[in-house]
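S.K.: Mind having a look at this structure? Questions to follow.
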Amino acid sequence: MKDFNKYTSHINFSPVIGFTIQQGKPVNYKKGEYFVRQGEICKTLGFVASGSFRYCCINSLGEVNIVGYTFEESFVGNYPAVQLQDKSNVDIQALCDCTVYELTHQQVNDFYEANAENQRLGRHIAETLLWEVYDRMISMYSLTPEERYLEILNRCPGLLKLITLKELASYLLIRPETLSRIRKRVVRKQ
């Protein structure tokens, strides 16, 4: 699911991937296990060699809302919280059995401090993550739920093989019933 997180196509991550696989600690997660829990200090980032994770937050009513995913050959973690050595504002949970190469905060910073090129790459990563969050926020205001649904399915046609419709509805900030109506409308238009 290479195009789910748009930032992955804007950066050449190969130096970071190589460093992570070489220096990182391989860790296996079983389906349902947490990479980090909401409220815990974030200590690691990782490269997902196999598997996928969902990012969820619990609102004040105790409802679980899905705010993101990461899939195989991408990175997992709460990057801002790791860099600030702060508490995670999301749960990151394995959707299936996963293998992740993990780096500590210190290892990430050692990579950035190694040379000017790595420092530029780190700045570019942070800027691109900000752009992705901003782009998603703007789409919530400027696109209808149906347009958001069609956009993500056009970008990631195999997504519904990996996640449920209920999870997709949560990610799109709509109710499952609304997504069901949207899907029926889309089918009728075809």
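S.K.: Does segment 77-88 contain at least one residue that is in a helix (DSSP H, G or I), among the aliphatic types (A, V, I, L, M), free of Cβ contacts under 8 Å to residues at least 12 places away in the same chain and out of contact with any Leu (no Cβ under 9 Å at 6 or more places or on another chain)?
M.R.: Taking every residue of segment 77-88 in turn, at least one turns out to be in a helix (DSSP H, G or I), among the aliphatic types (A, V, I, L, M), free of Cβ contacts under 8 Å to residues at least 12 places away in the same chain and out of contact with any Leu (no Cβ under 9 Å at 6 or more places or on another chain).
S.K.: Can you name the condition, by its number, that residue 158 falls short on among (1) under 17 Å from the mean Cα position of the chain (by Cα); (2) under 30 Å from residue 82 (Cα atoms); (3) touching a residue at least 40 places away in the same chain (Cβ under 8 Å)?
M.R.: Answer for residue 158: the failing condition is (2).
S.K.: Mind counting the residues in segment 117-173 that are charged (D, E, K, R) and open to solvent by 80 Å² or more (accessible area, probe 1.4 Å)?
M.R.: 7
S.K.: OK, next. Can you confirm whether segment 38-59 contains a residue that is in contact with a Cys (Cβ under 9 Å, 6 or more places away or on another chain) and hydroxyl-bearing (Ser, Thr, Tyr)?
M.R.: yes
Here is a yes/no grid of residues against (1) in contact with a strand residue (DSSP E or B) (Cβ under 7 Å, 6 or more places away or on another chain); (2) open to solvent by 40 Å² or more (accessible area, probe 1.4 Å):
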residue	(1), (2)
11	no, no
32	yes, no
40	yes, yes
47	yes, no
54	yes, yes
65	yes, yes
76	yes, no
84	no, yes
88	yes, no
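The values are calculated or read from the model by the stated rules, or taken from the named source; none is laboratory data. Every value quoted in this text rests on a predicted model; they were computed, and no experiment measured them. When we count neighbours, we look across all protein chains shown, and the Cβ atoms used for this are built from the backbone with ideal geometry, even at glycine. Just so you know, the surface numbers come from the protein's heavy atoms only, side chains and all, with ligands and any DNA or RNA stripped out. Shrake-Rupley method; radii C 1.70, N 1.55, O 1.52, S 1.80 Å.
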